[in-house]
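Note sheet for the following structure.
Laboratory data are not the source of any read-out in this text; all were calculated from the coordinates shown. Source: prediction; values computed, not measured. Note that each Cβ is placed from the backbone with ideal geometry, even for glycine, and that neighbours are counted across all protein chains shown.
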Amino acid sequence: MLLNDLGERDFLDELARRGLAGPIGDDTATLEGGRVVTLDSLVEDVHFRLAWTSFHDVGYKAAAVNLSDLAAAGAQPEAFIVGLGLPGATTLDHAVALYEGLNEHGVPVRGGDTVETPVVIVTVTAIGRSTRVPGRGGARPGDAVVVTGALGAAAAGVRVLERGVQGADDLVTAHARPPVRLAEGQQLAGVATAMVDLSDGIGVDAGHVAAESGCRIEIVSEQLPLADGLERAGGELFWAMGEDYELLATLPPDAAAELSFPVVGRCTDGSGVVVTLAGEPIDTPGYEHFGHARRRP
């Protein structure tokens, strides 16, 4: 069987079934004393293209996507460990610019490894600490579903770059330099029953929460906060394609009413995720490694 036949989630489930990893339910591992650890890799021509992205922004994004996982755990970051693969022909200035991007977030790089590789590969392990990690398994029927910010700009930015659209620099920036919602994550962690960052698309990521929690999540697309100017990139459902790195949380309705985050849906009895438009269910694209049927741009 090929990994493309399984998809990323089924591959991880198979590792857990064989006792080789996990069970893997979250993007972070929670250790004793509230220590939280996460790891993500960015690979050239998979997650970014150097024709579009500076080395500085590659470093910035490699740090940001890991900080997003810490944010979903309500954690305060403490350090990065960086594994860096670079072609031997990379200039010193470019390598230094990448590390300057990593350091832009103010989190110290405490160690790592370097290796010569055919393409640029940046693997960051982020270490933080949290007093309460909501996880993905606590959502309950009756909970409200909230998000921390506008969706769609990052995926639209990729389309802008592919099509050479002019005058959409804000969308391109959203793709290269995602937001970091650490403060929002720590605020939500105190009351959230479940929380996840929106890296793979709201349908896919809400699906992780629904599966781990044993409930159904209903998203009303008209209630989603959308980034300005998505129409400049075309008419696709950019808000569903991922790489927004906003947070999605489930929490009791009274707690949701006290906070200022947009309410975009609810948890009910059942299973899976339903996203509606004008009251009718719609299919939402998303992203899954080893899953070609669910590719984002």
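Put a plus charge on the Cβ of each Lys and Arg, a minus charge on the Cβ of each Asp and Glu, and nothing anywhere else: the dipole of segment 113-178 about its Cα centre is then about 400 debye. Amide H contacts under 5 Å for residue 109: 80, restricted to partners 5 or more places along the chain or on a different chain, H placed in the peptide plane at 1.01 Å from N.
For the chain, the longest principal axis of the alpha carbon atoms and the long axis of helix 92-103 meet at an angle near 30°. Nearest 10 degrees is fine. How inclined is helix 55-72 to the longest principal axis of the chain, computing both from alpha carbons? So the inclination is approximately 30 degrees. Comparing 282, 81, 219 in a Gaussian network model of the chain, where Cα atoms under 10 Å apart are tied by springs, the biggest mean-square fluctuation is seen for 282. DSSP beta bridges fully contained in the chain are about 75 percent antiparallel. Estimated from helical segments only, the mean residue ellipticity of the chain at 222 nm is -9000 deg cm²/dmol, where each DSSP H run of four or more residues counts as -39500 (n - 2.57). The protection proxy used here, the mean number of other Cβ atoms lying within 10 Å of each residue, ranks peptides 34-41, 190-197, 124-131 as follows, highest first: 190-197, 124-131, 34-41.
Whole-Hz Karplus values for segment 115-128 come out as 8, 7, 9, x, 10, 6, 9, 10, 10, 10, 9, 9, 10, x Hz, taken residue by residue from phi with 6.51 cos²θ - 1.76 cosθ + 1.60 and θ = phi - 60°; glycine and proline positions read x. Taking 7 Å steps out from each Cα toward its Cβ at residue 4 and residue 113 produces label points 2.9 nm apart. For segment 93-143 and segment 30-70, what is the centre-to-centre distance using only Cα atoms, to the nearest Å? Cα centroid of segment 93-143 versus Cα centroid of segment 30-70: 5 Å apart. Can you give me the C-alpha center-to-center distance between segment 191-262 and segment 147-161, rounded to a whole angstrom? Segment 191-262 and segment 147-161 have Cα centres separated by 13 Å.
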